[in-house]
Amino acid sequence: MAQPIPLSRNTGVARARHAKAMLLPIARQIADELALRVHLALDALRRGAGSRTDAQTLTQIMLLTGFLVESGFGSVSGEELGAADRAVSAVFDIGRETGEWRLDEAGFALFASIATTYDRQLHSAPLWAITDASERFDRFIAGGPDQTQVRKRA
């Protein structure tokens, strides 16, 4: 009688699969869905039909893009991020005062560039980098200490 092939119940196999997955980019469908939300928010704010949620989305990707750039994925200058921060702050100020959530042309151009970089990052950065950026963002929102880990590159 044939003996069944024993399936490994070793957690080492699961860890190896997880480690390999962390080196690959996220699934294309997930990256596309995340990028689409950003582009929709950007378009709504450009047209003056945006909302607080759209402004929050742009703020989130501005920070995530910056964190991923610091990890070595993509390029956005500190000056661009500073200008984008000022632009989205103006959106929040005006939106709270008037109820109109709009991004001016200069702000739109800045965020279009940042959204394009974010889109590329989602499609090419490994999962570990996106996970690290997301955890760093969560700590930033919670007001916790920024414990950025410097990774050695071979």
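In a fully extended conformation the segment linking residue 140 and residue 19 would gain 41.0 nm over its present Cα-Cα distance, using 0.36 nm per residue. Using the average count of surrounding beta-carbon atoms within 10 Å as a protection proxy, the listed peptides 85-98, 35-48 rank, highest first, as 35-48, 85-98.
I want the local charge near residue 106. Using Cβ-Cβ distances under 15 Å, sum +1 for each Lys or Arg and -1 for each Asp or Glu among the other residues. Overall, the nearby charge balance is -2.
Sorted on the mean count of surrounding Cβ atoms within 10 Å across their residues, most packed first, peptides 113-122, 49-58 read 113-122, 49-58. Converting the Cα gyration tensor eigenvalues of the range 27-137 into ellipsoid dimensions via √(5λ) gives semi-axes, longest first, of 24, 14, 11 Å.
What does the net charge come to around residue 119 if you take all other residues with beta carbon closer than 13 Å to its beta carbon, with K and R at +1 and D and E at -1?
That sum, taken over residues with Cβ under 13 Å, equals +1.
FYI, it's all coordinate maths here, none of it is from the lab. Fair warning: this is a prediction, and the values are worked out from it, not measured in the lab. Every residue, glycine among them, receives a Cβ derived from its backbone with ideal geometry; neighbour counts consider all protein chains shown.
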